[in-house]
Amino acid sequence: MFTPFAYIQPGSVEDVVTALGDKNAFIHAGGTDLLGCLRDDVFSADKLVSLSGLKDISGVSETSDGGLVIGALTTITDVAEHPLIQRKYAGLAQAAADVASPQLRNQGTLGGNLCQKPRCWYYRGDFDCLRKGGYKCFAVNGENEYHCIMGGANCFIVHPSDPAPALVALDAEVAIVGPGGRRRLPVSELHMPPEKDPTRETVLQDAEVITAIHLPPAAAGRYSSYRKIRTRRSWDFAVAGCALAFDMEGDQVRDCRVVLAAAAPVPWRSREAEEVLRGNTLNDGNIRAAARAAVADARPMSNNAYKIPLFEGLLREEFGKIVSA
Amino acid sequence: MTESEQEIEGQVRYPQAPDAGAAGDPQPWGEKTRVVGSRQPRVDAFERVSGSAIFPSDVMLPGMLHAAVLTSPHANARVKSVDTSKAEKLSGVYAVISRNTEDANPDWDYGSDYPGKLFYDHCRFEGDFVAAVAADSSYRAHDALRAIEVEYETLPFVSDELAALESGAPEVHDGGNEAGHQSYSRGNIEQGFAAADVVLEETYRSASEMQTPLEPHGCVARWEADRLTVWESTQGVFAVQSKIAETLNMPLARVRVIGHYVGGAFGSKLRTDKYAIAAAMLSRRSNRPVKLFMTREQTLVSMGNRPPTTMTIKAGAKKDGTLTAIQFKGIGASGAYKAGGTSLLDWLAKDLYQCDNVSTELTDVYINAQPARPFRAPGYVQCSWAMEQMMDALAEQLDMDPVALRLLNIPDGTQARGNKPYTTDGLRLCIEQGAKAFGWDQAKAAPRGNGHLQRGVGMAAANWFVGDGGPPSTVILRLYADGTANLNMGASDIGTGTKTVMAMVVAEEFGMEPDAVQIEHADTATTQFATPSGGSKTVPTEAPAVRRACLAAKDRLMDMAARQLGRERDEIIFAGDRLRTADGLESLAIPELDELKKQKVVVGVGERQPNRQDVSITPFAAQFCEVEVNRRTGEIRLLRMLGTNESGRVINRLTWDGQVIGGITMGVGYATTEQRVLDGPTGKLCNRNWHDYKLPTALDVPAEIISEPIMLSDEQANIVGAKGLGEPVTIPTGGAIANAVYAATGIRMRDTPINPVTLIDPLASQEG
């Protein structure tokens, strides 16, 4: 049950930023994650600052250079179903379509999705864990089948977002407004590695808010995709996933991005896999080598070594699709 | 031998069924029925769909308070002190009860093994009650919970049933963690294995599964002077009434329990729980009605589960497929109190197939986790997982078709319940008709597929222990002057369509539409005693009583018609909705009966008569499944499933099919998505919400689920020819899926659930 909080609905981004300066204030966008966290006592809020009073913060539009800008308050459904996104940034549309359930996609926003809290059952549950300011990560000696196999350090969550890896693969940036003004940041730098700060999910400063997501123009011959494996087919987070963006010339890989979901506390770019494939032919041998390279440095926990063959099989399947596409 | 059996002259005899009652043993309906057997939408479909149905959790009363419960967060802890002083001072808080309020802390025992209190000083599982509050809003009630300070002394715990049996394991209760031990044998197991050409032994594990009904567990309690009324989400209002009366030391007559609707239960609401007592206590102290529903998380933590089970099965067969020996050892966890951790666990092993030499051994175990509760086909679902995979493995070893192996070992009767013959050949019919409808032979012969997507088919069969129903049940039918009827019965409709089935029985007897029947049910003050709706026995228990009530009322109408027409009583025939003379010269519609016009109502009382004791009245089932496995990712896609059931007469084909589809869906969850996860280091439940505890979604069940009923009426079962269906529909699903996965991959998945997390490692090992 909620503890009491104040609720305001500013009419401008500037007022939102000002309001977020108050003690223990949180942004309320779609609310699908926020309200759950508050109800479950993951954290409490003194003030919720709604973004629903803002204009021009949702919707999809083309930019003059041939890229796209997606307002932060655009729903996941709108991202999944937008014809331009489906055509030019298929990996993002696929990732959005794989998020949660239809109800949650209708309510959840792209900006909120990037800023969501992890689903770790220790973080969400009645455990005084490191991420909540406690003293340890309970997953280390606990039930860690859904936890990370890379990038763990001190906290072993996996990042829960599907669109985030796709946006990293597509070299997207977020537009941020805060007390210090406006700035842009690559999505690949948005998420906070736990060794730097296990209590934050993003590098956003206090009172900063994401207002838009910018996608650069897609190169000709660009292939992008998102693939998610879960233990049930809807309303579930990934146990393994991958976002791909490949620029092909025939069967030659000119450039590529391979980003893993549910592998690490942040969307995990596999430079090892990219290196095997970049400039090379996408044949069976290279595909196997790249898939293996992606998990070569994995450090599984007691119950999640299954993720190694799973990512390997997943990547083999997804790389193989590029050839036949 | 059961108590009702007598040995006479060296032969087992069974008492004759008692006299069939005043109305005489009626003729069966026969093959031509008007309403029975059709597809009837639920009589309360509009209420359910529109939201106008008032479930117990919807009940709002003037001045009603909202309650919340503080539960122990520890797997095992002593409660040293509870300080509720801050909570009591909060605005809007009307009552706080805990172990400090002695007059609101009655004795309570979870089983009969160890006594305790409503708020006990030793909480042996996470979720046991520590305090409860009532406030003028749910928010304030939860604010008050946060203000209660409890000092616990945490104690060593054990949450794994195998670890609990190891020496040196923490003891849940003094005296060891074995909660019960049972064994059974027939024939000579050693000779049976010696006679076998093939002997296999495997160990299987079935994870704990949670019932997770949509409507949480709870009730609304209201006192009027010394009378207590409780609206509870329950499978049996009379079971709730007796437990409350016993706990509060009240006369039954002063406890009224109403449960018109229940938003799901699956066995977890057969009995009440501490919440009903806490609600009554809070209501008495606050002098207001109190609503107490557990939170979703609390229902997962402490409101029931199917016990985790480890099963070792050893089976032998001759080359021709004849089973020669079955040895079954099962270990199941009751939880912190004795609660049927191995209930019915060995029955499929000793009773599904013909086998002369069988031995079984069951060990029930205490662990520091919530007590188990019956969950749709308790024991059978787990045993089927082991037994039906073992049959599949035997078939492969014998180079036989799994269908053929099963057909070869069909028993004529129950072997573990006194060798009584079955009333039907239902097991054979289910397997044969199901295989044909599924296209088993063609599907099995079809290639697995190329590349990394591989297909396979599997099947499993089942019977079910209860499903026969029986006394007691009393039903009252009121037939009004306009020819409409009011049916009064104590049983609950737990969402299975009980009310609709009963309305159809009445409609069949009186030639009316089901819509003309109003049902009053599940109210201890106004309806007659009924046992809880569970065990798949509600239709075979209640429907015969309903038919008898109809026949009793019809008898009186026929008396009236005879008097009115000046005929002999035996000249009057009930034909459809009219009473006519045997010579066909005169007839009357029910509203034309002069005596009925004057007295306004005719009442018929029907009682459930005992079953025949010389036969075994048993429902049967078989299921068939086709899967596709992605060898690279371990993803499985259920392409199609088919369920055949022999449960006697199909009364409502629509709700029958609903049971089959729902049962298979639940079995899909058991086999592929669901498992309780208890944290190793703390014993606390990890997956306590509907994201982490994964019920299957529409995308996880096959797009094609076909229900293929065996069309027969089991006339030896009872006077409507129907047996229970709700549990047999979910027993074979897990085994059928596991067998199909084996056919697709060659991997025998011995542990539930099967999904990418568990399947990818064996697949990767196969790749080498």
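The values are calculated or read from the model by the stated rules, or taken from the named source; none is laboratory data. Everything quoted here is computed from the prediction, not taken from an experiment. Here the Cβ is made from the backbone with ideal geometry for all residues, glycine too, and neighbour counts use every protein chain on show.
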Discussion item. Can you confirm whether A:I157 is away from every other protein chain (no Cβ under 12 Å), surrounded by 23 or more Cβ atoms within 10 Å (Cβ to Cβ) and more than 15 Å from the chain's Cα centre (by Cα)?
Written reply: no
Discussion item. Is it the case, given these coordinates, that A:A245 is touching a strand residue (DSSP E or B) at 6+ places or on another chain (Cβ under 6 Å), away from chain B (no Cβ under 14 Å) and at pLDDT 95 or above?
Written reply: yes
Response to the item:
Residues in segment B:744-768 that are closer than 27 Å to B:P374 by Cβ and either more than 14 Å from every other protein chain (Cβ to nearest Cβ) or not in a loop (DSSP other than H, G, I, E, B) (or both) total 3
Practice prompt. Restrict the check to segment B:725-742 and report whether at least one residue is of a type in the set (F, W, Y) and closer than 30 Å to B:S302 by Cβ.
Written response: no
Practice prompt. Mind listing just one residue for me: the one in segment A:6-29 that is outside any helix (DSSP H, G or I) and surrounded by 14 or more Cβ atoms within 10 Å (Cβ to Cβ) and, of those, farthest from the other protein chains (Cβ to nearest Cβ)?
Written response: A:P10
Response to the item:
Output for Cβ contacts, cut-off 8 Å, separation at least six or different chains, first residue without any contact (Cβ under 8 Å) to a residue 24 or more places away in the chain and under 7 Å from B:G335 (Cα atoms) in segment B:363-378, second of a type outside the set (D, E) and not in a loop (DSSP other than H, G, I, E, B), reads none
Worksheet item: If a residue has to be touching a Phe, Trp or Tyr at 6+ places or on another chain (Cβ under 8 Å) and of a type in the set (S, T, Y) to count, how many in segment B:721-768 make the cut?
Response: 4
Discussion item. Of all residues being touching a Gly at 6+ places or on another chain (Cβ under 9 Å) and in a helix (DSSP H, G or I) in segment B:391-402, which is surrounded by the fewest Cβ atoms within 10 Å (Cβ to Cβ)? Just the residue, please.
Written reply: B:A395
Worksheet item: Has segment A:123-131 got at least one residue that is under 15 Å from the mean Cα position of the chain (by Cα) and either within 14 Å of another protein chain (Cβ to nearest Cβ) or closer than 30 Å to A:L215 by Cβ (or both)?
Response: no
Worksheet item: Within segment B:671-681, which residues are among the hydrophobic types (A, V, I, L, M, F, W, C) and within 9 Å of another protein chain (Cβ to nearest Cβ)?
Response: B:V677, B:L678
Worksheet item: Can you name the number of the only condition in (1) surrounded by fewer than 24 Cβ atoms within 10 Å (Cβ to Cβ); (2) more than 18 Å from the chain's Cα centre (by Cα) that B:T299 fails?
Response: (2)
Item to complete: Restrict the check to segment A:233-242 and report whether at least one residue is free of Cβ contacts under 8 Å to residues at least 60 places away in the same chain, in contact with a Pro (Cβ under 8 Å, 6 or more places away or on another chain) and within 14 Å of chain B (Cβ to nearest Cβ).
Response: no
Worksheet item: Hey, among A:A19, A:A93, A:A45, A:A80, which residue is touching a residue at least 40 places away in the same chain (Cβ under 8 Å) and aliphatic (A, V, I, L, M)?
Response: A:A45
Worksheet entry | Evaluation of A:C120 against (1) modelled with pLDDT of 95 or more; (2) surrounded by fewer than 23 Cβ atoms within 10 Å (Cβ to Cβ); (3) within 27 Å of B:D160 (Cβ to Cβ) (one fails), failing number | (2)
Discussion item. Of the conditions (1) in a helix (DSSP H, G or I); (2) in contact with an Asp or Glu (Cβ under 8 Å, 6 or more places away or on another chain), A:Q103 satisfies every one except a single condition; which number is it?
Written reply: (2)
Worksheet item: What is the one condition in (1) within 11 Å of chain B (Cβ to nearest Cβ); (2) over 21 Å from A:H191 (Cβ atoms); (3) basic (K, R) that A:R227 does not satisfy?
Response: (2)
Item to complete: Go through (1) buried (at least 22 other Cβ atoms within 10 Å of the Cβ); (2) over 24 Å from B:G330 (Cβ atoms); (3) basic (K, R) and name the single condition B:R146 misses.
Response: (1)
Worksheet item: Do any helices (runs of 4 or more DSSP H) entirely within segment B:424-530 hold 3 or more residues that are out of contact with any Phe, Trp or Tyr (no Cβ under 7 Å at 6 or more places or on another chain) and surrounded by fewer than 19 Cβ atoms within 10 Å (Cβ to Cβ), and if so, which?
Response: B:426-438, B:440-445
Worksheet item: Do we find that B:G176 is assigned to a loop (DSSP other than H, G, I, E, B), more than 33 Å from the chain's Cα centre (by Cα) and within 23 Å of B:P307 (Cα to Cα) in this structure?
Response: no
Discussion item. Go through (1) more than 23 Å from B:V506 (Cβ to Cβ); (2) assigned to a strand (DSSP E or B) for B:G606 and report which single condition fails.
Written reply: (1)
Worksheet item: Of (1) outside any loop (DSSP other than H, G, I, E, B); (2) more than 14 Å from chain B (Cβ to nearest Cβ), A:L38 satisfies all except one. Which?
Response: (2)
Worksheet item: Inside segment B:134-150, can you point out the residues that are within 12 Å of another protein chain (Cβ to nearest Cβ) and either aliphatic (A, V, I, L, M) or in a loop (DSSP other than H, G, I, E, B) (or both)?
Response: B:A135, B:S137, B:A141, B:A144, B:L145, B:A147
Discussion item. Quick check on segment A:293-325: of everything there that is more than 12 Å from chain B (Cβ to nearest Cβ) and closer than 28 Å to A:E249 by Cα, which residue is surrounded by the most Cβ atoms within 10 Å (Cβ to Cβ)?
Written reply: A:A294
Worksheet item: Say we look at segment B:65-89 and pick out the residues that are assigned to a loop (DSSP other than H, G, I, E, B) and touching a strand residue (DSSP E or B) at 6+ places or on another chain (Cβ under 6 Å); which of these is nearest to B:N287 (Cα to Cα)?
Response: B:T84
Worksheet item: Out of segment B:682-698, which residues are of a type in the set (D, E) and either more than 8 Å from chain A (Cβ to nearest Cβ) or touching a Pro at 6+ places or on another chain (Cβ under 8 Å) (or both)?
Response: none
Item to complete: Mind telling me which of the residues A:T75, A:T32, A:T3 ends up being touching a Gly at 6+ places or on another chain (Cβ under 7 Å), of a type in the set (V, I, T) and within 14 Å of chain B (Cβ to nearest Cβ)?
Response: A:T32
Worksheet item: Can you tell which of B:V741, B:V668, B:V701 is away from every other protein chain (no Cβ under 13 Å) and outside any strand (DSSP E or B)?
Response: B:V741
Worksheet item: Only one residue in A:D297, A:D255, A:D247 is in a loop (DSSP other than H, G, I, E, B) and not β-branched (V, I, T), so which one is that?
Response: A:D297
Practice prompt. Spot the failing condition for B:A503; the list is (1) within 24 Å of B:G643 (Cα to Cα); (2) modelled with pLDDT of 95 or more, and only one is missed.
Written response: (1)
